[in-house]
Amino acid sequence: MNFLELVKKRHSVRHYAQQVVEKEKLDYILDCARLAPSAVNKQPWTFIVVQSDSQKQKLAKCYPAKWFTEAPVYIVVCVNTDIAWKRQFDNKNHADIDGAITTEHICLAAAEQGLGTCWVCNFDVAMCKENLDLEAYIQPIAIIPIGYPISKEHQLSTRKEINEIVSYI
């Protein structure tokens, strides 16, 4: 499959089969995330793979949507704001940008492996940090549920036309 086909295949999955995700597939996905680009190659990320029932229950308290609890595994993408590159002109910390890049690598790699994902960013960050016992400088930026989608069919959601978002000057 070419890259455009992969991008079209990736979509937000909110219904997961109760099927274990193979360790080999998780390792592949995490290796793809590890290789994501980052500002000045600082790689300010860490990944927490949540699989145990007790940790999954704690994580579900941070985002109490029923569909969320269906996923067999989660990857919590965290960034270290202390080591991330900061732009000299305005001191913009790029941890969130780097984290977003690696998160999408996770989602695309999962789609390539026949797995579904969904970006979850609307969660209780303070509770997540506490439940995962994270240091102050480590920020969880996304929780990615991963699993086999119940339905493999999806319609590509509406996207703007290319002429609406691109200008040549």
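Could you check, for the stretch 134-141, whether at least one of its residues is outside any helix (DSSP H, G or I), buried (at least 16 other Cβ atoms within 10 Å of the Cβ) and free of Cβ contacts under 8 Å to residues at least 60 places away in the same chain? Spell out how you get there, then give the answer.
Initially, the stretch 134-141 is screened for residues outside any helix (DSSP H, G or I), giving 134-141.
Subsequent filtering for residues that are buried (at least 16 other Cβ atoms within 10 Å of the Cβ) retains 134, 138-141.
Cutting the leftovers down to free of Cβ contacts under 8 Å to residues at least 60 places away in the same chain gives us 134.
Yes, there is a match, as at least one residue in the stretch 134-141 is outside any helix (DSSP H, G or I), buried (at least 16 other Cβ atoms within 10 Å of the Cβ) and free of Cβ contacts under 8 Å to residues at least 60 places away in the same chain.
Looking at Lys56, Lys86, Lys92, Lys42, just one residue is surrounded by fewer than 22 Cβ atoms within 10 Å (Cβ to Cβ) and under 24 Å from Val20 (Cβ atoms), and that residue is Lys56.
Within the group Leu132, Leu115, which residue is closer than 23 Å to Lys9 by Cα and either among the aromatic types (Phe, Trp, Tyr) or in contact with a strand residue (DSSP E or B) (Cβ under 9 Å, 6 or more places away or on another chain) (or both)? Before the answer, list the steps.
Values: Leu132 fails: closer than 23 Å to Lys9 by Cα.
Of the residues listed, the single one that is closer than 23 Å to Lys9 by Cα and either among the aromatic types (Phe, Trp, Tyr) or in contact with a strand residue (DSSP E or B) (Cβ under 9 Å, 6 or more places away or on another chain) (or both) is Leu115.
Being under 26 Å from Phe3 (Cβ atoms) and β-branched (Val, Ile, Thr) is the requirement here; does Val120 meet it? Don't jump to the end; show me each part of the working.
On the way: under 26 Å from Phe3 (Cβ atoms): yes; β-branched (Val, Ile, Thr): yes.
Considered against the rule, which asks whether it is under 26 Å from Phe3 (Cβ atoms) and β-branched (Val, Ile, Thr), Val120 comes out as yes.
Checking each residue of the stretch 51-70 against the condition of being outside any strand (DSSP E or B), small (Gly, Ala, Ser) and more than 22 Å from Gly147 (Cβ to Cβ) gives no match.
Confirm whether Ala126 is surrounded by fewer than 17 Cβ atoms within 10 Å (Cβ to Cβ), more than 27 Å from Leu4 (Cβ to Cβ) and either among the hydrophobic types (A, V, I, L, M, F, W, C) or in contact with a strand residue (DSSP E or B) (Cβ under 7 Å, 6 or more places away or on another chain) (or both). Let's see the steps before the verdict.
Numbers: surrounded by fewer than 17 Cβ atoms within 10 Å (Cβ to Cβ): yes; more than 27 Å from Leu4 (Cβ to Cβ): yes; either among the hydrophobic types (A, V, I, L, M, F, W, C) or in contact with a strand residue (DSSP E or B) (Cβ under 7 Å, 6 or more places away or on another chain) (or both): yes.
For Ala126, the condition - surrounded by fewer than 17 Cβ atoms within 10 Å (Cβ to Cβ), more than 27 Å from Leu4 (Cβ to Cβ) and either among the hydrophobic types (A, V, I, L, M, F, W, C) or in contact with a strand residue (DSSP E or B) (Cβ under 7 Å, 6 or more places away or on another chain) (or both) - is met.
The single condition among (1) assigned to a helix (DSSP H, G or I); (2) farther than 13 Å from Ala109 by Cα; (3) touching a residue at least 60 places away in the same chain (Cβ under 8 Å); (4) more than 15 Å from the chain's Cα centre (by Cα) that Gln19 does not satisfy is (1).
Read-outs throughout are calculated quantities, based only on the coordinates presented, and are distinct from any laboratory measurement. Just so it is clear, the structure is predicted and the values come from calculations on it, not from any experiment. All Cβ positions, glycine included, derive from the backbone under ideal geometry; neighbour counts span all protein chains shown.
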